[in-house]
Amino acid sequence: MSLKSIGSLTPATIAAQAGGLLDAGTGGVVPPIHPATTFVRDEDYIPAVDGNVYSRSHAPNGRMAEGVLAQLEGAAEAMVFPSGMAAVAAVFRTLPAGASVLVQSQIYWGTTAWIRGFCARRDITLVEVEAADTDAFAAACATHKPALAWIETPSNPWLRIVDIAACADAVHGAGGLLIADMTTSTPVLTRALSFGADVVMHSATKGLNGHSDVLAGALAVKDSGSAIWAAIRADRDMAGAVLGPFEAWLLLRGMRTLPLRVERMSENAQKLAEYLSDHPSVETVLYPGLPSHTGHALACTQMTGGFGPLLSFVVKGGAPAALGAVGRLKLFHRATSLGGVESLVEHRHTIEPHTGIPEGLLRLSVGIEGAGDLINDLGQALGQ
Ligand code: PLP
């Protein structure tokens, strides 16, 4: 049964009930895992179950996760991939050699690094632009007429807020498509398709799954009849970047609590951001929920119900002070990634030393623990 038959429902209901999925065979309230790689045909050589032939193209658990994500995004369709980077690559592989693309500067460094290499190999003109500067983005669209433009909001780890609707207008005016990496927002806070993006991308490894136990990626599209969507689907079917059934099942299970988790993480992150802004050892806090953040007003129009789990702050005293504080933290795990239920801390300069990240910057992924416990931990690590 699909919940669609009930009419308009909130994301909390769609997520909690996994879009209405049950185990049809047993009546279980949890859908089963389907490990089969191949599916039988009947005596007339017609697939016994419509649409199921071979799991590179027809993966029941993948389809379940895709159906729920599409509902949460307000998308026509979604596709899941074995990592966020596989989803990034699936988009860029649709570009012909010689095309032009516009990519937001200072986004997740892995995306930037992969795109730079790919574009160089394919003879694709890559223009990197500060997309939070809407005028600069629009000017770059008008000049370069990109086939696609790539944005990320809030950006990781700078927490820049990009005006999705303005960027969509600019790139559409130049004849291209807007792709939005919404990993740090999740559809709970922002549904980028409703602001004009053509395709939304997620590292589902992060908030969508939310338990740091699945590597996955996802794309969601506004127009499932578009040429780019057909090209991505054909590429996934034939090149085989398919999410396994167990991972897809875990992702579906993770998404059941997505609205609840994102709400709590955002509440916690807001409290931590406010605490850190008043702390004498802290130089700057980058969090869109703070009125002092340059993107706050825009974030208020584009994000609903909070500002997400990601926050960065700069410790006074550079790398030694930041690394000293990190070493004293007891609750925050010193680990990369974001969007999980457990709080993480990262000294980004150690990871990406050549990208202009301040040496004192610490990036937090705020989890769902008690906010007071997290504040106490930061307090003892920074020196109260
Ligand atoms: N996009 C963003 C914003 C990310 O933070 C990450 C990973 O950190 C990715 C994409 C890549 O996703 P994955 O690690 O699942 O390949």
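The values are calculated or read from the model by the stated rules, or taken from the named source; none is laboratory data. All values reported here derive from a predicted model rather than from experimental measurement. No Cβ is skipped: glycine too gets one built from the backbone with ideal geometry, and neighbour counts run over all protein chains shown.
Each residue in segment 273-301 was checked for being in a helix (DSSP H, G or I) and buried (at least 22 other Cβ atoms within 10 Å of the Cβ), and 3 of them qualify. Hey, any hits in segment 356-367 for a residue that's small (Gly, Ala, Ser), modelled with pLDDT of 95 or more and in a helix (DSSP H, G or I)? The answer is no, given that none of the residues of segment 356-367 is small (Gly, Ala, Ser), modelled with pLDDT of 95 or more and in a helix (DSSP H, G or I).
For segment 72-84, state whether one or more residues are farther than 26 Å from Val30 by Cβ and of a type outside the set (Asp, Glu). It would help to see each step written out before you state the result.
First, the residues of segment 72-84 that are farther than 26 Å from Val30 by Cβ: 76.
Filter again for of a type outside the set (Asp, Glu), leaving 76.
Checked against the condition, which is being farther than 26 Å from Val30 by Cβ and of a type outside the set (Asp, Glu), segment 72-84 yields at least one hit.
Cβ separations smaller than 6 Å between residues 6+ apart or across chains give the following pairs from segment 200-216 residues that are near the ligand (Cβ under 7 Å from one of its atoms) to residues that are polar (S, T, N, Q): Ser203/Thr183; Lys206/Thr183; Leu215/Ser83; Leu215/Thr205; Ala216/Thr205.
Applying a threshold of 6 Å to beta carbon distances and a minimum spacing of six or more residues, or different chains, the list of pairs starting in segment 106-117 at a residue that is more than 7 Å from the ligand (Cβ to nearest atom) and ending at one that is at pLDDT 95 or above reads Gln106/Trp158; Ile115/Val103. Only one of the numbered conditions (1) on the phi > 0 side of the Ramachandran plot; (2) touching a residue at least 12 places away in the same chain (Cβ under 8 Å); (3) not charged (D, E, K, R); (4) not in a helix (DSSP H, G or I) is not met by Gly19, and that is (4).
Name the single residue that is nearest to the chain's Cα centre (by Cα) among those in segment 360-378 being within 22 Å of His349 (Cβ to Cβ) and of a type in the set (D, E, K, R).
Of segment 360-378, the ones within 22 Å of His349 (Cβ to Cβ) are 360-366, 377-378.
Adding the requirement that they be of a type in the set (D, E, K, R) leaves 363, 377.
Numbers: Arg363: 16, Asp377: 27 Å.
The selected residue is Arg363.
Which one of Thr190, Thr205, Thr257 is among the β-branched types (Val, Ile, Thr), within 15 Å of Ala70 (Cα to Cα) and modelled with pLDDT of 95 or more? Every option except Thr190 fails the conditions. Of the numbered criteria (1) more than 21 Å from the chain's Cα centre (by Cα); (2) over 20 Å from Val214 (Cβ atoms), the one Gly74 fails is (1). Across segment 61-78, not a single residue is classified as without any contact (Cβ under 8 Å) to a residue 24 or more places away in the chain, in contact with a strand residue (DSSP E or B) (Cβ under 6 Å, 6 or more places away or on another chain) and in the same structural domain as Leu193 (by TED's automatic domain parsing).
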